[in-house]
Structure formats: structure tokens, C-alpha cells
Amino acid sequence: MKNRTIKIAVVIVLVLAWGIYGTYYFLNLNTSIQKAVLDQVDMDNVYLQIIRTHTKITNEPTDYNVHVMEKSGVKTILDQLSGIELKKTNGMNNGDKVPFYYTIIIRPKSNQDSTSKYEITFKNNKLVSIFDQEKNYRQEYMITNEFDYHSFKNSIDKLFQKE
């Protein structure tokens with residue numbers, strides 16, 4: 001009788017643990033760049049390093065790099081990202097052949113040689129990867145809402161033309 005009670009208690013604990021884990025997993029399946037990154041960043045004390053990386057379909061050999069130091073420039077770029085809704089995905093299936101990937105690296109202003117806080121990489125208009133430096137964790141996402149990627153891309157490309 002005592003063994004049966006222990007077995008039932010173990011089964012109940014396992015079912016509850018599995019249920020809590022499942023609930024946590026499904027609640028965190030959908031997020032936004034605002035929740036995943038921007039809420040953790042002090043906008044007044046960061047600058048952006050933006051890297052335009054060539055893909056294999058371009059003939060250009062080098063990546064381009066630009067820094068956005070002014071608070072207004074940082075705010076403008078991050079405001080474009082704040083409304084993006086995301087859904088976790090298991091991998092980056094880059095079905096679109098795009099000439100560039102865009103990575104926005106958020107760095108603290110206090111030490112410009114320090115490591116990044118977050119890296120947001122746009123593989124195309126539907127796929128985003130977010131790397132959290134503090135947790136040393138990368139997660140891939142699919143963009144689930146309407147996001148004007150071409151307008152965003154054009155505003156980033158203008159920064160590279162100024163250099």
C-alpha cells in the first residue's frame with residue numbers, strides 16, 4: 001500500500017512538472033523584438049554597430065560596418081524594430097536568395113570596446129536571429145506580422161552610403 005502511494009505521488013509530480021514546462025514553452029513561443037531585446041536595453045546608454053554581410057550570391061568580397069552613436073539615430077532604428085512580432089523556430093531556412101544579411105549589434109556606450117549586449121540578424125524579410133551575449137544564447141524567429149523590411153533595409157543602406 002505504501003509503495004502504491006509513493007508511485008502515485010511520483011506520477012503526479014511528473015505530470016505537474018511536464019505541464020508546467022509545456023505551459024512555459026508555449027507561452028514563450030511568441031514574442032516581439034520589444035520584449036526579447038528592447039525592454040532590456042537602456043536606450044540612452046547604447047550605440048549600434050550595423051554590419052551588412054554579403055551572401056554567397058554577391059561578388060563583393062567584404063562586409064560593411066557602420067556605427068550609429070547619436071541617440072536620435074539609435075532611437076530611429078530601434079523604433080523601426082519595436083513593433084516586430086516573432087515566433088520561435090527551430091532553424092534558419094533561408095529560402096530567399098538575398099544579397100546581404102543585416103546584423104544590428106547593440107553595445108553599451110560606457111566601454112566602446114566591450115562585447116555586445118544583443119545581436120539582431122535579419123536573414124531576409126521573414127527570418128530573424130537574436131543573440132543574447134549575457135546568456136550566450138541564440139534563438140531564431142519567424143516574423144509573424146507585417147513588417148516593412150524593404151523600408152528598413154533602405155534606411156540601413158543609406159547609412160552605408162554616408163561612409
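I need a count of the residues in segment 130-162 that are surrounded by 17 or more Cβ atoms within 10 Å (Cβ to Cβ), closer than 24 Å to residue 45 by Cβ and at pLDDT 85 or above.
Selection size over segment 130-162: 4.
Of the conditions (1) closer than 23 Å to residue 134 by Cα; (2) at pLDDT 85 or above; (3) open to solvent by less than 40 Å² (accessible area, probe 1.4 Å), residue 114 satisfies every one except a single condition; which number is it?
(2)
What pairs come up if the first residue lies in segment 115-130 and is touching a residue at least 60 places away in the same chain (Cβ under 8 Å) and outside any strand (DSSP E or B), the second is open to solvent by 20 Å² or more (accessible area, probe 1.4 Å) and polar (S, T, N, Q), and their beta carbons are under 6 Å apart, counting only those six or more places apart or on different chains?
Close Cβ pairs satisfying both conditions: 116/133; 117/133.
The values are calculated or read from the model by the stated rules, or taken from the named source; none is laboratory data. All values derive from a computational prediction rather than experimental measurement. Note that each Cβ is placed from the backbone with ideal geometry, even for glycine, and that neighbours are counted across all protein chains shown. With ligands, DNA and RNA removed, areas are computed over all heavy atoms of the protein, side chains included. Shrake-Rupley method; radii C 1.70, N 1.55, O 1.52, S 1.80 Å.
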